[in-house]
Amino acid sequence: MRYIGIGGALAFVEEHGPGGDGAAGVPVLCLHTAGQSGVQWRHVAPALAARGFRVVVPDLPGHGRSEPAPGGPVTDLGDYAAWCLELIDALGLERPYVVGCSIGGKITLDLACRASERLAGVVAMAANAWTGGTPSERGLRRELSDVAAPSRTDRTYLGTLAVVGRSVPAERAELIATMHRREDPAVSNSDLIGWTTHDLRDRLGSVACPAHLVVGADDLWVPAAGTRAAAAAIPGARCTVLDGIGHYPMEEIEGFDGVLAGWLAELGSEVAA
């Protein structure tokens with residue numbers, strides 16, 4: 001674990017890999033969801049590293065232990081994608097896989113659009129090309145005026161419970177929701193503004209690296225149809241719909257490191273072919 005200067009501020013980054021220093025193994029960059037942090041990958045990262053990967057888990061600017069972006073909370077997911085490319089350069093990651101969920105999934109797709117030649121492949125979870133303007137950008141910006149209200153954390157808690165899949169045990173769902181309520185409301189609202197305004201529909205055809213899009217069948221925020229449409233727009237991309245899973249596959253699925261390792265192996269075989 002260390003701090004690295006990225007984008008004019010200090011970023012907190014976890015690295016897991018063979019030998020304990022994260023320097024060996026095929027690199028995998030793991031991106032968290034709106035308002036959250038790399039803690040969402042706490043169970044997956046060490047287990048995936050034990051399988052031989054170099055796993056890199058950053059806190060995006062203003063999230064977790066990372067300093068805020070110099071210009072304040074980010075409302076353009078493209079800015080996060082540019083930040084990730086700077087991080088990849090700073091860490092010397094050669095052709096990493098990128099895996100992200102929710103806004104992390106959309107950032108992953110953005111990275112594939114703008115820098116396919118630099119990536120081994122991408123797994124974009126709980127993401128599509130365009131939300132259709134839902135939720136309302138105007139409403140989200142208005143809400144920035146009262147995001148510090150105590151009810152905001154309750155909404156985060158209850159909203160998380162609402163989009164966890166039906167196959168997830170109640171105790172696990174409760175833990176996920178409790179962890180999520182730690183978010184900074186101003187940052188998470190800005191993330192959601194980025195989410196609702198981010199449109200990749202005209203860019204997906206340019207993706208040249210192997211891509212796998214994943215969505216939970218119980219995800220109330222991201223309809224499977226939108227994820228299937230996004231996958232269909234990417235040359236050679238595959239799409240998986242996870243039965244009984246909601247918006248947070250890496251937190252909801254026990255033993256997710258094995259599932260992800262299988263997906264990465266499939267992407268790697270496409271590169272080899």
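The convex hull drawn around the Cα atoms of segment 139-269, when projected onto a plane and averaged over every direction, covers 9.0 nm². Note on the chain: with a GNM built from Cα contacts shorter than 10 Å, the maximum mean-square fluctuation among G226, G133, G246 falls on G133. Rolling a 1.4 Å probe across the protein heavy atoms gives segment 9-142 an accessible surface of 34 Å² per residue. Multiplying each eigenvalue of the alpha-carbon gyration tensor of the chain by 5 and taking the square root yields semi-axes of 25, 21, 20 Å, largest first, rounded to whole angstroms. Each residue of segment 174-189 is assigned a 3J(HN,Hα), and the resulting list reads 4, 5, 4, 5, 5, 5, 5, 6, 7, 4, 8, x, 5, 6, 5, 5 Hz, derived from the Karplus form 6.51 cos²θ - 1.76 cosθ + 1.60 (θ = phi - 60°), x at Gly and Pro. Protein heavy-atom surface of the chain, 1.4 angstrom probe: 53% of the accessible area is carbon and sulfur, with nucleic acids and ligands not counted. Distance from the Cα centroid of segment 207-270 to that of segment 1-70 is 21 Å (rounded to whole angstrom). The 3J(HN,Hα) values that the Karplus relation (6.51, -1.76, 1.60; θ = phi - 60°) gives for segment 87-101 are, in residue order, 5, 4, 5, 4, 8, x, 7, 9, 6, x, 7, 10, 10, x, 10 Hz. Gly and Pro appear as x. Of A170, A49, L111, which is farthest on the positive side of the dipole of the chain, counting Cα position, with +1 on Lys and Arg Cβ, -1 on Asp and Glu Cβ, and the Cα centre as origin? After comparing all options, I get L111. The sum of -39500 (n - 2.57) across all DSSP H runs of n ≥ 4, divided by the residue count of the chain, sets its helix-only mean residue ellipticity at 222 nm to -12000 deg cm²/dmol.
The values are calculated or read from the model by the stated rules, or taken from the named source; none is laboratory data. In this text the structure is predicted, and so the values were computed from the model without any measurement. Quick reminder, even Gly has a Cβ in these numbers, built from the backbone with ideal geometry, and neighbours come from all protein chains shown. The protein model used for the area step is the full one, side chains on, heavy atoms only, and it has no ligands, DNA or RNA in it. Shrake-Rupley method; radii C 1.70, N 1.55, O 1.52, S 1.80 Å.
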